[in-house]
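> Here it is, the structure in full.
The values are calculated or read from the model by the stated rules, or taken from the named source; none is laboratory data. Given the structure is predicted, the values throughout are model-derived calculations rather than measurements. Positions of Cβ are backbone-derived with ideal geometry, glycine not excepted, and every protein chain shown enters the neighbour counts.
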Amino acid sequence: MKDDASVRDFRAETRAWLEQNCPPEMRLPIVEEERCWGGRKWTFHSDAQRLWLERMADRGWTAPTWPREYGGGGLSHAEAKILREEMDALNCRPPLERVSQALGLLGPTILAIGTDAQKARFLPPIARGETRWCQGYSEPNAGSDLASVRTRARDEGDHFVINGQKIWTSHAHLSDWMFALVRTGPDTPKHAGITFVLLDMDSPGVDVRPIELISGKSAFCETFLTDVKVPKENVLGEVNDGWNVSKILLSNERNSISTARNFMAERSIGLTALDRQREGPGHESDASLLDTSLRERIAAYEASAWAFSALSERAGDLAAAGESTAAHASVLKIHYARLNQLRTSLMLEIGGSDYFEWDAPVSDAARLWLRAKANSIEGGSTEIQLNILSKRVLGLPNL
Amino acid sequence: MKDDASVRDFRAETRAWLEQNCPPEMRLPIVEEERCWGGRKWTFHSDAQRLWLERMADRGWTAPTWPREYGGGGLSHAEAKILREEMDALNCRPPLERVSQALGLLGPTILAIGTDAQKARFLPPIARGETRWCQGYSEPNAGSDLASVRTRARDEGDHFVINGQKIWTSHAHLSDWMFALVRTGPDTPKHAGITFVLLDMDSPGVDVRPIELISGKSAFCETFLTDVKVPKENVLGEVNDGWNVSKILLSNERNSISTARNFMAERSIGLTALDRQREGPGHESDASLLDTSLRERIAAYEASAWAFSALSERAGDLAAAGESTAAHASVLKIHYARLNQLRTSLMLEIGGSDYFEWDAPVSDAARLWLRAKANSIEGGSTEIQLNILSKRVLGLPNL
Amino acid sequence: MLNFNDEQRMIRDNLRQLLTSETPVSHLRALRNARSSDGISPALWKTFGELGFAGVLVPEEFGGLGLSLFDATIVAEEYGHTLTPSPFLSTSVMATTALVVSGNTHLMRRFLPEIALGRIVMACAVDTGPHHDPRMPGLGFARSGATVTANGTKTFVVDGHIAETVLVTGLLDGEMTVAAVARDTPGVTVRRQWMMDAHNSAALKFEDVQLNQMQLLSDPGKGRDILDAVLAAGRIVVAAELIGLADEVLSRTIAYLKERHQFGRPIGSFQALQHRAALQFAEIEQARAAVLKAARAVDEGAENAELMVSVAKAKAGEAALGASEEAVQMHGGMGITDDLDIGLFLKRARVADHLLGNAHYHVTRVAALTGY
Amino acid sequence: MLNFNDEQRMIRDNLRQLLTSETPVSHLRALRNARSSDGISPALWKTFGELGFAGVLVPEEFGGLGLSLFDATIVAEEYGHTLTPSPFLSTSVMATTALVVSGNTHLMRRFLPEIALGRIVMACAVDTGPHHDPRMPGLGFARSGATVTANGTKTFVVDGHIAETVLVTGLLDGEMTVAAVARDTPGVTVRRQWMMDAHNSAALKFEDVQLNQMQLLSDPGKGRDILDAVLAAGRIVVAAELIGLADEVLSRTIAYLKERHQFGRPIGSFQALQHRAALQFAEIEQARAAVLKAARAVDEGAENAELMVSVAKAKAGEAALGASEEAVQMHGGMGITDDLDIGLFLKRARVADHLLGNAHYHVTRVAALTGY
């Protein structure tokens, strides 16, 4: 496939602009702690990070395919792909994380089914990185069974009053807004009577408590909602139709979680292992890994990671052609979780006992390995994805 | 653990006897085709094979732990273990395959619940390798669901008249007798009304047709039974209680299939691979396998195979101490199937394309690989074993 | 783009119709049972010529369609569904690539139009031992004046038993070189190899085989490029066949799971089997993407094309073997009988995985190409 | 025999009662949260001395029970259930084995009775780098008259932060040698390592540390035998701990599967989870047998003892990691919170797998010991 003339032009212009506008610090390999999530509580790590976000947001390239009127770049899928390829080619960091709840999930859902007023109000600040969002789906004892929402929304005419408890709300303590499922109708049938609301975290009655995880970090929170008022214009979709809204959003979630991470755009962990080996005396010029078991297992992981990046690209192409299926969302989610777990486990092995220290460690490899255990649970567990595939895609019968 | 005096004596006597009586040809590594299965249709591969069987049978050591009056050796478990260790130490081939339907399965079941007349009639010829047995359990469309037996036995006073069809009867065409489950009672409840009968394959109305398998071999048969007469003294256990008899026998089956195969008593396939590598020019004195992927995978298999041989030994020790559980039978069966599939697959890889030829191949590795696919299906599939473990051992609930 | 456009979808649909009617799996079974002397359907090969598939990679100036490797994968994936034994790989992909990359107009004019018409079968002889190792050709060329003498052995030469001409790799003055050798040249001995998958190949022996200079595809300096291109194209196309095979064997398994009852229920309602089937689906989809990506990378001359080829071959081999082994297990006793086709898929998966380097070979190659 | 006799069963039952009442998993959690300075329970160690467990391998003449490694695995398996941090491995197994195998009566008289009484903690310092590689001790001894000077570093020395005396491996005249070094000797620097499993070890530095001849366990010629014996005993006992851990974490998972409801049913009624749990059970049983067999093999001096030790460590590491990872997954969101103990099992499984060589190290060693 060769670029035709207009594509060539777009590519050239894009590259020229990036070269001129992306600060050199924003072209260094990304470090986990320096990813930009935005929001009112955000602190920029550097002036370069702030500048880079501003410049990209001005062009709408934080949300390249969104309409320009809502803060997006108005690009076609093909153009957005070129933008991404050019950013990769110049090692430009994403100015704002594409996998965020806001950019990856809620934004596309508002675009799809929001009112004009909602689009105008919520989308531009998302695209500019000014508001950060969290997801209020899970509740204690509900786990993967989203239909068993028990948080209640009482109808008070022009607003709802909400009482209940949400759990596993990632980064709720750093977020400005939450989108949540709440029960507006009777308990049964379980799928009906649920409403999808947009809730300001600054509202009175919102209490957020971080949950300590096995990784020692607290990415997830419990959120207690006590008599929280939500105006009715903040309902996305119809009242009592939240189940369908959440399905639209969930399919974005699976796509978004996975397509955002191109393991192979990061450095080969095989080369990292070789670097470490070369630190040992007498090993300065080794051409390959002496631990052949580790070498073979890293290679097996990297072969899969390359295949995953192809899968991710293909899913994007199919989506752009309108051929996307629910299948790919689940397939991506399953592979992503497994690959990230494998990758972080191998990194820990590469480090060895040095990396096993918990206090003042030389690396956060142990914590990342533990954190990755959540990948196959959060956002629809691997088991749920397998159920979806076997029922909806393969058409296997119920018991 | 040190041998005490009487044990030392038994060990020394056993070794002396074996050294004197085991023909040199019977101390060469066993070849698949030369395993001795016995029976009226058996052709000995050599005089040495015949002699070795006769000598061992005379001492009752083809069935070491059976009582002497029924053709066994009357040994304790500890003595039988020593006999086996000494046979291994001198590389003595088994004079008669221990995993046979007769020695491994039916014999112990008759010993446990047969009448004195049945023991006296059936056990000695089994121990002497004079009768070969096959198993008539499965039926078309029944698969793993043994309770759905449809072969009918009509009560005619002193005998039954049997009509129906059995499938997957291994080596029925080479066998003298079959033990089978037949339906004597009503269809429901499915577990009741089944009877366990001993059936002479020379009876009129028995028609055996080998099934061609993917390995190109025909180890399994379909057996058609048309008005076959079976005298009532050939019922093992009570009429209509065959389900319980079969459970006793099945637990022997799983033990027997697995404990009989000590992969690590055979030659390391890693060394076989190294031999093959050394055949290449310039590789005569290689100290290790250059294909490190193959080397690591063989080592992973062999580590598991050593662990399996320990498991097998432990299962025997627990059984001898009366602590055996159904768990071990299933665990052994699962691991055996997986290991043999892994082993045969690795052997095929070691051989490479030379071994892929079907006509006039240099090795039967391809056929053995294909044959091993049945290991996780025959004798209670791996899925059935996992069901047994999860329900009966782990106590997990039904849906 | 890693999806198909309308034209590609049409090609795929037409091929599927052709192959399922002309050479369903029963065709392979019949060839096997009859111990067919050529082991393929000459009629189908002629049809491939007429419809243009045989010349998919042949440049238009030589009568072909001049399409891409990406398009060639569409063909291979389809005959993977039906296990059709076809000279497509040997002739339309490997030999064609060798000739095109060589730039040898004499040989291109001679062979490419015939290939495009489905009139000849050509084979590529790469391996000398039972394990894929293309850098060790096991054959030497010696030059003396205008004559070149070949000595050595080749094995597992796909379609070597029916190819009129074999492209043979060997070392000339220590450099990789490729020569076009007619099968009936004096000194060439051919032993047909019936493989376990009922596909065919041959073991070839070359004893003082006299060739002339014109039979060399190129100067020795270029032989390595030709070999690399042949391997890349061959590996991608075998990988695509494996994807088709995996897809088909999974579909058949799903159908069986829905139809077969045990304990009073369709066995496809048991969750343990559902999850295993779904995992196979996920593996196949990932492998399929890798194959399409590798084909694009080679077509576009991407920097990481070689790497992606190994990724594709490795993942396709794993996916096809995994799906076939699960298929046998889920078909239970029936799965291990020769009556069902499932065993044929398993056998082909194993042989095609081994062909041009198995999954493990290619995983190790990923490490080597990455530099660790 | 690879099963327990009545006496062994009694030991096991008593220990289980002691540990579940004195040091349940909450004990480890409390030590961790309090950032305890020694990271173990000194009271429990004293009780181990009183009940004889601390001296299980100490010969009777030195006040111990003089039992076998097979018996020592019973102790380790039990504290694996409760994740009890205990000097049993470092002191009662590794240091005791070093002293006994050395045959050095002076040092045996000095240390063994104290070990048997649970009065001291001793550590063995084997590794110098982040990956287990005991043949490269990273420390050198130099002799000058009756004085021996040690220089080098050690890391991941289990209990090195609280051991009064550390047995240190190093090279003297190129030969493996072991010396007993008091931790407070001038020139020894100790940095405590809080590991992710909340168990403890230390990084030690030796700078011109002056020792006398009497501190060497043996002539250099014998150092390798001592090291081999220490490694074999240590690996088996860590493997046994991993079996206990795996057993416990699976039991807790089974209990959770029965109790936790989703979609209106206990999640343990879903067949996919049932089969996965059953597979873990099968793996643990096989690994357990391998550990018992390896212990017997070492006790009996069997020819393949070294091989079986690697098999045992490899299978136990795999089983414990597999069971812990499945436990986290099956506990869903709860599994990844620090509130539940499941994460503590996972962390300990990973560290103990790494200790004295991880599963992959030992699989590769099986190939080396077999000779391919």
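> Can you tell me how many residues in the range B:329-349 are more than 19 Å from C:Glu325 (Cβ to Cβ) and within 10 Å of another protein chain (Cβ to nearest Cβ)?
Step one: filter the range B:329-349 for residues more than 19 Å from C:Glu325 (Cβ to Cβ), giving B:329-332.
With the extra rule that they be within 10 Å of another protein chain (Cβ to nearest Cβ), the set shrinks to B:330-332.
Of the residues in the range B:329-349, 3 are more than 19 Å from C:Glu325 (Cβ to Cβ) and within 10 Å of another protein chain (Cβ to nearest Cβ).
Yes or no, residue by residue, for (1) assigned to a helix (DSSP H, G or I); (2) among the charged types (D, E, K, R):
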site	(1), (2)
D:Gly39	no, no
D:Asp71	yes, yes
D:Val75	yes, no
D:Ala98	yes, no
D:Val101	yes, no
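> Next up: Which of (1) in contact (Cβ under 8 Å) with a residue 40 or more places away in the chain; (2) more than 28 Å from A:Gly242 (Cβ to Cβ) is the odd one out, the single condition A:Gly71 does not satisfy?
All conditions are met except number (2).
> Scanning for something buried (at least 24 other Cβ atoms within 10 Å of the Cβ), within 12 Å of chain A (Cβ to nearest Cβ) and more than 20 Å from B:Asp317 (Cα to Cα), does the range D:301-310 turn up at least one residue?
Looking through the range D:301-310, none of the residues is buried (at least 24 other Cβ atoms within 10 Å of the Cβ), within 12 Å of chain A (Cβ to nearest Cβ) and more than 20 Å from B:Asp317 (Cα to Cα).
> What do you reckon, is B:Ser285 facing another protein chain (nearest Cβ under 8 Å) and of a type in the set (Ser, Thr, Tyr)? It would help to see each step written out before you state the result.
Values: facing another protein chain (nearest Cβ under 8 Å): no; of a type in the set (Ser, Thr, Tyr): yes.
Answer is no for this residue.
> For A:Ile214, indicate whether it is at pLDDT 90 or above, over 25 Å from A:Gly107 (Cβ atoms), buried (at least 19 other Cβ atoms within 10 Å of the Cβ) and within 14 Å of chain D (Cβ to nearest Cβ).
Working: at pLDDT 90 or above: yes; over 25 Å from A:Gly107 (Cβ atoms): yes; buried (at least 19 other Cβ atoms within 10 Å of the Cβ): yes; within 14 Å of chain D (Cβ to nearest Cβ): yes.
It is true that A:Ile214 is at pLDDT 90 or above, over 25 Å from A:Gly107 (Cβ atoms), buried (at least 19 other Cβ atoms within 10 Å of the Cβ) and within 14 Å of chain D (Cβ to nearest Cβ).
> Where in the range A:137-200 are there strands (runs of 3 or more DSSP E), lying fully within it, with 2 or more residues that are among the aromatic types (Phe, Trp, Tyr)?
Values: elements: A:152-155, A:159-170, A:177-183, A:194-200.
Of the strands (runs of 3 or more DSSP E) lying wholly inside the range A:137-200, those with at least 2 residues that are among the aromatic types (Phe, Trp, Tyr) span A:159-170, A:177-183.
> Can you name every residue in the range B:353-373 that is buried (at least 20 other Cβ atoms within 10 Å of the Cβ) and touching a Pro at 6+ places or on another chain (Cβ under 9 Å)?
The answer is B:Ser353, B:Tyr355, B:Phe356, B:Arg367.
> For the range B:201-211, how many residues meet the condition of being in a loop (DSSP other than H, G, I, E, B) and exposed (fewer than 15 other Cβ atoms within 10 Å of the Cβ)?
To start, the set of residues in the range B:201-211 that are in a loop (DSSP other than H, G, I, E, B) comprises B:201-205, B:211.
Going one step further and asking which of them are exposed (fewer than 15 other Cβ atoms within 10 Å of the Cβ), we end up with B:202, B:204-205.
Adding up the residues that qualify gives 3.
> Can you confirm whether the range C:185-196 contains a residue that is part of a loop (DSSP other than H, G, I, E, B) and touching a Lys or Arg at 6+ places or on another chain (Cβ under 6 Å)?
Initial filter on the range C:185-196 (part of a loop (DSSP other than H, G, I, E, B)): C:185-187, C:196.
When the remaining residues are screened for being touching a Lys or Arg at 6+ places or on another chain (Cβ under 6 Å), the result is C:196.
Yes, the range C:185-196 contains at least one residue that is part of a loop (DSSP other than H, G, I, E, B) and touching a Lys or Arg at 6+ places or on another chain (Cβ under 6 Å).
> Still on this structure: Report whether or not D:Leu321 is out of contact with any Ser or Thr (no Cβ under 7 Å at 6 or more places or on another chain), more than 21 Å from A:Leu386 (Cβ to Cβ), surrounded by fewer than 24 Cβ atoms within 10 Å (Cβ to Cβ) and within 10 Å of another protein chain (Cβ to nearest Cβ). Let's see the steps before the verdict.
Working: out of contact with any Ser or Thr (no Cβ under 7 Å at 6 or more places or on another chain): yes; more than 21 Å from A:Leu386 (Cβ to Cβ): yes; surrounded by fewer than 24 Cβ atoms within 10 Å (Cβ to Cβ): yes; within 10 Å of another protein chain (Cβ to nearest Cβ): yes.
Considered against the rule, which asks whether it is out of contact with any Ser or Thr (no Cβ under 7 Å at 6 or more places or on another chain), more than 21 Å from A:Leu386 (Cβ to Cβ), surrounded by fewer than 24 Cβ atoms within 10 Å (Cβ to Cβ) and within 10 Å of another protein chain (Cβ to nearest Cβ), D:Leu321 comes out as yes.
> Across the range C:255-266, what is the total count of residues that are more than 17 Å from C:Ala323 (Cα to Cα) and either of a type in the set (Val, Ile, Thr) or more than 8 Å from chain A (Cβ to nearest Cβ) (or both)?
6
> So, in the range C:23-37, how many residues would count as being surrounded by 15 or more Cβ atoms within 10 Å (Cβ to Cβ) and assigned to a loop (DSSP other than H, G, I, E, B)?
Taking the range C:23-37 and keeping what is surrounded by 15 or more Cβ atoms within 10 Å (Cβ to Cβ), we get C:23-25, C:27-29, C:31-32, C:36.
Subset that is assigned to a loop (DSSP other than H, G, I, E, B): C:23-24, C:36.
The total comes to 3.
> Taking the range C:202-246 as the region of interest, how many residues are closer than 24 Å to C:Glu77 by Cβ and out of contact with any Lys or Arg (no Cβ under 8 Å at 6 or more places or on another chain)? Steps first, please.
At the first step, the residues of the range C:202-246 found to be closer than 24 Å to C:Glu77 by Cβ are C:228-246.
Adding the requirement that they be out of contact with any Lys or Arg (no Cβ under 8 Å at 6 or more places or on another chain) leaves C:228-234, C:237, C:240-242, C:244, C:246.
Of the residues in the range C:202-246, 13 are closer than 24 Å to C:Glu77 by Cβ and out of contact with any Lys or Arg (no Cβ under 8 Å at 6 or more places or on another chain).
> Can you pull out the residues in the range B:288-314 that are more than 8 Å from chain D (Cβ to nearest Cβ) and either of a type in the set (A, V, I, L, M, F, W, C) or in contact (Cβ under 8 Å) with a residue 60 or more places away in the chain (or both)?
B:Leu290, B:Leu294, B:Ala305 - these are the residues of the range B:288-314 that are more than 8 Å from chain D (Cβ to nearest Cβ) and either of a type in the set (A, V, I, L, M, F, W, C) or in contact (Cβ under 8 Å) with a residue 60 or more places away in the chain (or both).
> I'm checking my understanding of the structure. Among residues of the range C:332-372 that are surrounded by fewer than 22 Cβ atoms within 10 Å (Cβ to Cβ) and in a loop (DSSP other than H, G, I, E, B), which one is farthest from the other protein chains (Cβ to nearest Cβ)?
Selected residue: C:Asp341.
> Restricting to the range D:185-239, and then to whatever is more than 14 Å from chain A (Cβ to nearest Cβ) and among the polar types (S, T, N, Q), can you tell me which residue is nearest to D:Leu107 (Cα to Cα)? Spell out how you get there, then give the answer.
First, the residues of the range D:185-239 that are more than 14 Å from chain A (Cβ to nearest Cβ): D:185-190, D:205-237, D:239.
Filter once more, keeping what is among the polar types (S, T, N, Q): D:185, D:189, D:210, D:212-213, D:215, D:218.
Details: D:Thr185: 17, D:Thr189: 23, D:Gln210: 18, D:Asn212: 13, D:Gln213: 12, D:Gln215: 8, D:Ser218: 10 Å.
Top of the filtered list is D:Gln215.
> Output the qualifying pairs, or none if there are none: Cβ atoms under 9 angstrom, residues six or more apart or on different chains, first residue in the range C:272-300 and more than 7 Å from every other protein chain (Cβ to nearest Cβ) and assigned to a helix (DSSP H, G or I), second residue of a type in the set (Lys, Arg) and surrounded by 24 or more Cβ atoms within 10 Å (Cβ to Cβ).
Taking only residues 6 or more apart or on different chains, the pairs are C:Glu283/C:Lys315; C:Arg288/C:Lys315; C:Val291/C:Lys313; C:Val291/C:Lys315; C:Ala294/C:Arg235; C:Ala294/C:Lys313.
> Now for a separate question. Identify, please: which residue in the range C:132-157 is assigned to a strand (DSSP E or B) and within 13 Å of chain B (Cβ to nearest Cβ) and is, among those, farthest from the chain's Cα centre (by Cα)? Before you say what the answer is, go through the steps one by one.
Pass one, the range C:132-157, residues assigned to a strand (DSSP E or B): C:139-144, C:147-157.
Checking which are within 13 Å of chain B (Cβ to nearest Cβ) leaves us with C:152-157.
Working: C:Gly152: 24, C:Thr153: 21, C:Lys154: 17, C:Thr155: 15, C:Phe156: 12, C:Val157: 11 Å.
Ranking the qualifying residues of the range C:132-157, first place goes to C:Gly152.
> Confirm whether A:Asp354 is facing chain D (nearest Cβ under 10 Å) and either under 13 Å from D:Met196 (Cβ atoms) or of a type in the set (Val, Ile, Thr) (or both). Before you say what the answer is, go through the steps one by one.
Values: facing chain D (nearest Cβ under 10 Å): yes; either under 13 Å from D:Met196 (Cβ atoms) or of a type in the set (Val, Ile, Thr) (or both): yes.
In short, yes.
A quick yes/no check of all residues on (1) farther than 28 Å from C:Glu318 by Cα; (2) at pLDDT 95 or above:
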position	(1), (2)
C:Leu217	yes, yes
C:Leu231	no, yes
C:Ile236	no, yes
C:Glu248	no, yes
C:Tyr256	no, yes
C:His261	yes, no
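> Yes or no: the range D:138-154 includes at least one residue that is over 25 Å from D:Tyr361 (Cβ atoms), among the aliphatic types (A, V, I, L, M) and modelled with pLDDT under 95. Step through it out loud before you land on a result.
Step one: of the range D:138-154, the residues over 25 Å from D:Tyr361 (Cβ atoms) are D:141-151.
Then drop every residue that is not among the aliphatic types (A, V, I, L, M), which leaves D:142, D:146, D:148, D:150.
Within this subset, residues satisfying the condition of being modelled with pLDDT under 95 are D:146.
Yes, that holds for at least one residue.
> Within the range D:305-334, which residues are at pLDDT 95 or above and not hydrophobic (A, V, I, L, M, F, W, C)? Lay out the reasoning, then the answer.
Of all residues in the range D:305-334, those at pLDDT 95 or above come to D:305-331.
The answer is D:Glu306, D:Ser310, D:Lys313, D:Lys315, D:Gly317, D:Glu318, D:Gly322, D:Ser324, D:Glu325, D:Glu326, D:Gln329, D:His331.
> Over 20 Å from D:Ala319 (Cα atoms) and among the acidic types (Asp, Glu): which single residue out of B:Glu296, B:Glu323, B:Glu302, B:Glu313 fits that description? Give the steps one after another, and end with the answer.
Values: B:Glu296 fails: over 20 Å from D:Ala319 (Cα atoms); B:Glu302 fails: over 20 Å from D:Ala319 (Cα atoms); B:Glu313 fails: over 20 Å from D:Ala319 (Cα atoms).
Only one candidate qualifies: B:Glu323.
> What number of residues in the range B:344-365 are charged (D, E, K, R) and touching a Leu at 6+ places or on another chain (Cβ under 9 Å)?
Start the filter on the range B:344-365 by keeping residues that are charged (D, E, K, R), which leaves B:349, B:354, B:357, B:359, B:364.
Checking which are touching a Leu at 6+ places or on another chain (Cβ under 9 Å) leaves us with B:349.
Residues in the range B:344-365 being charged (D, E, K, R) and touching a Leu at 6+ places or on another chain (Cβ under 9 Å): 1 in total.
> Conditions first: (1) surrounded by 23 or more Cβ atoms within 10 Å (Cβ to Cβ); (2) not in a strand (DSSP E or B). C:Thr169 passes all but one, so which condition is the exception?
The one condition C:Thr169 does not meet is (2).
> Go through the range B:80-124 and give me each residue that's of a type outside the set (Asp, Glu) and not in a helix (DSSP H, G or I). Can you show your working first?
So in the range B:80-124, the residues of a type outside the set (Asp, Glu) come out as B:80-84, B:87, B:89-96, B:98-115, B:117-124.
Of everything in the range B:80-124, those that are of a type outside the set (Asp, Glu) and not in a helix (DSSP H, G or I) turn out to be B:Leu90, B:Asn91, B:Cys92, B:Arg93, B:Pro94, B:Pro95, B:Leu96, B:Arg98, B:Val99, B:Ser100, B:Gly114, B:Thr115.
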